[in-house]
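A.B. asks: Take this structure, written in structure tokens, and hold onto it; I'll ask about it next.
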2 protein chains.
Amino acid sequence: MSANDSVRALPSWTDGATRDAIIDFVASVTDGPGAVPVEERVAVFDNDGTLWTEKPMPTQLHFIVQQWAAAAAADPSLAEQQPYKAAVTGDLAWLGGAVDKHYAGDDSDVKVMIGAILGSTADLGVEQYAAMVADFYRDARHLTLHRPYAEVVYQPMVELLRYLEANGFSNYIVSGGDRDFMRPMTAEYYGIPPERVIGSALGLGYDEASNQVHYHSTFDFMDDGPVKPVRIWTRIGRRPIFAAGNSNGDIQMLRYTQGSAQHLTLLVHHDDDTGRGDTPYDKGAEQALAAASEHGFTVVSVAHDWASVFPDPAA
Amino acid sequence: MSANDSVRALPSWTDGATRDAIIDFVASVTDGPGAVPVEERVAVFDNDGTLWTEKPMPTQLHFIVQQWAAAAAADPSLAEQQPYKAAVTGDLAWLGGAVDKHYAGDDSDVKVMIGAILGSTADLGVEQYAAMVADFYRDARHLTLHRPYAEVVYQPMVELLRYLEANGFSNYIVSGGDRDFMRPMTAEYYGIPPERVIGSALGLGYDEASNQVHYHSTFDFMDDGPVKPVRIWTRIGRRPIFAAGNSNGDIQMLRYTQGSAQHLTLLVHHDDDTGRGDTPYDKGAEQALAAASEHGFTVVSVAHDWASVFPDPAA
């Protein structure tokens, strides 16, 4: 596929400098004197806020809230205390606040959430957990858009994944989200197989009796900020030439990618006010926006560069 | 490629039950009622002793010995103490003994070696270390066979990698060796790209000033025994359907693979006495051979199943 094909590339992207920058970059690394060998065409994408919406709260938090609500239903005394209270009453303000505090550098509530993740996986085999998560994706509806999570992916980014793939790129997710919470949906939603999903991780062990890999009740690492370049090396063993993120936790990944002789780095900026349920926000992106100016990340304006945000459910 | 092609598949494998088992398995998972989707055709291979020789000592130890000898040359007082003394005098007995002790469950000398690996990587960026290792592979000669390491790979196993690949498999290395010591050669020697190399790992950090991922002076994990299934999950996110190993440290990986509905597990048994410099040995494989009997791993007899062991240097 190229910009000259009869079908217009990246159809949900508006004409303009951002779309041109993508198309020109891809053309420059696939042909001519600056061509990059196919095996080095590595592209990395943050997930929450980059490939799909993370408002009003990240999808994983929705899953955890369901776990908490189920726990409180089983033991009503829990319903009086946080975080179960928020889950039972649907108090999104507390939950959203936990994420905002994380972006502001305060992980106290996020640690409560991590504890809940540890609790929801304790003693489970990885394949059991994957089946639970797959059930969630099948049944859950986004809290404000009321559609399946498959339909709150960003349509322009899905088109970008396909466009890069058609031009020989290998696409990876590099997310602060739990790796094993993403894997059950990435192939279907993004065309990204499990071996290309990089994320935060819980401790694991091998149990000989059951012949299963299972979760320990430990947290292994948070794949965010300076950890992202480290996980890119351990998992891929190459420096990417393309990266896309949307928040402060993506700065180091974008900077690392700029260490490649040829590179394109995108920062998705949620400056839209379209009432799609994806309210405008810069919280957690202040430093990333400043870094974009300083280091030359290409800022993607959701309001201006995207003709549509989500897939057309009728399609 | 199939067994019916005019070119005989797996040419360095002799006719017999082992070769038949491989060909029958591949046929059964690529076609007919037991066909496995391409994305699930995951094959995992141990490296030292499975894909190339590990005698008289693993290649990485040769590299480390060169580092020690260089350190002793720079500081002659070191030459009087182990392990530098062994490096300077070429005392292979001490070095081989360290590996034998590891297989016998005593890692005291292996810890000396790990300390040396930490020392040889301290303060290095991962790309610098990769360049050093690539230099070693270019210049070094195997200590007893006196040929480049590219020519001490097991020819029948390289043919097996290509055969599986031609039938839609994704091949991975899952080795106790240092991941970053293998990556600089696996694409050339085995056709396995860096993102499919799983191995032991040193601690890493991201240095913003240099925009490099670099080594910490810490050991992260040893990818051996029960750790192999864990690393397979973290890196691939699927249970393999094919596995090959040669020693006690591979038992859990082989057992884990047997958890797939369809599977083939190979245990390479070094029962040859051909004077190729690859002397017969069962040390470190006693439990694996017992497990093969108990659990039905297919034992590959180097003496009987392989028509040749190494590539023909004249080819």
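A.B. asks: Within the stretch A:126-149, is there a residue that is of a type in the set (Phe, Trp, Tyr), surrounded by 17 or more Cβ atoms within 10 Å (Cβ to Cβ) and farther than 22 Å from A:Asp224 by Cβ?
C.D. replies: So far as the stretch A:126-149 goes, yes, one or more of its residues are of a type in the set (Phe, Trp, Tyr), surrounded by 17 or more Cβ atoms within 10 Å (Cβ to Cβ) and farther than 22 Å from A:Asp224 by Cβ.
A.B. asks: All but one of (1) farther than 24 Å from B:Gly199 by Cα; (2) at the interface with chain B (Cβ under 7 Å from one of its Cβ atoms); (3) of a type in the set (S, T, N, Q) hold for A:Thr234; state the number of the condition that does not hold.
C.D. replies: With (1) farther than 24 Å from B:Gly199 by Cα; (2) at the interface with chain B (Cβ under 7 Å from one of its Cβ atoms); (3) of a type in the set (S, T, N, Q) applied to A:Thr234, the lone miss is (1).
A.B. asks: Taking the condition of being at the interface with chain A (Cβ under 9 Å from one of its Cβ atoms) and closer than 18 Å to B:Leu51 by Cβ, how many residues in the stretch B:198-230 meet it?
C.D. replies: Summing the residues that are at the interface with chain A (Cβ under 9 Å from one of its Cβ atoms) and closer than 18 Å to B:Leu51 by Cβ in the stretch B:198-230 gives 1.
A.B. asks: Given the residues A:Ala291, A:Ala285, which is the only one that is at pLDDT below 95, of a type in the set (A, V, I, L, M, F, W, C) and more than 29 Å from A:Val38 (Cβ to Cβ)?
C.D. replies: A:Ala285
A.B. asks: I would also like to ask the following. Does A:Ala134 satisfy being modelled with pLDDT of 95 or more, more than 21 Å from the chain's Cα centre (by Cα) and among the hydrophobic types (A, V, I, L, M, F, W, C)?
C.D. replies: Here the answer is no, as A:Ala134 does not meet what is asked.
A.B. asks: Hey, any hits in the stretch B:258-272 for a residue that's open to solvent by 40 Å² or more (accessible area, probe 1.4 Å), within 12 Å of another protein chain (Cβ to nearest Cβ) and modelled with pLDDT of 95 or more?
C.D. replies: Checked against the condition, which is being open to solvent by 40 Å² or more (accessible area, probe 1.4 Å), within 12 Å of another protein chain (Cβ to nearest Cβ) and modelled with pLDDT of 95 or more, the stretch B:258-272 yields at least one hit.
A.B. asks: What are the residue pairs meeting all of these: first residue in the stretch B:179-196, first residue closer than 14 Å to B:Glu159 by Cα, second residue open to solvent by 10 Å² or more (accessible area, probe 1.4 Å) and of a type in the set (Lys, Arg), Cβ atoms under 9 Å, and 6 or more apart or on different chains?
C.D. replies: Note: pairs meeting the criteria are B:Gly191/B:Arg162.
The values are calculated or read from the model by the stated rules, or taken from the named source; none is laboratory data. Keep in mind that this is a model prediction, so the values were computed, not measured. Counting neighbours? That spans all protein chains shown, and the Cβs are built from the backbone with ideal geometry, glycine included. With ligands, DNA and RNA removed, areas are computed over all heavy atoms of the protein, side chains included. Shrake-Rupley method; radii C 1.70, N 1.55, O 1.52, S 1.80 Å.
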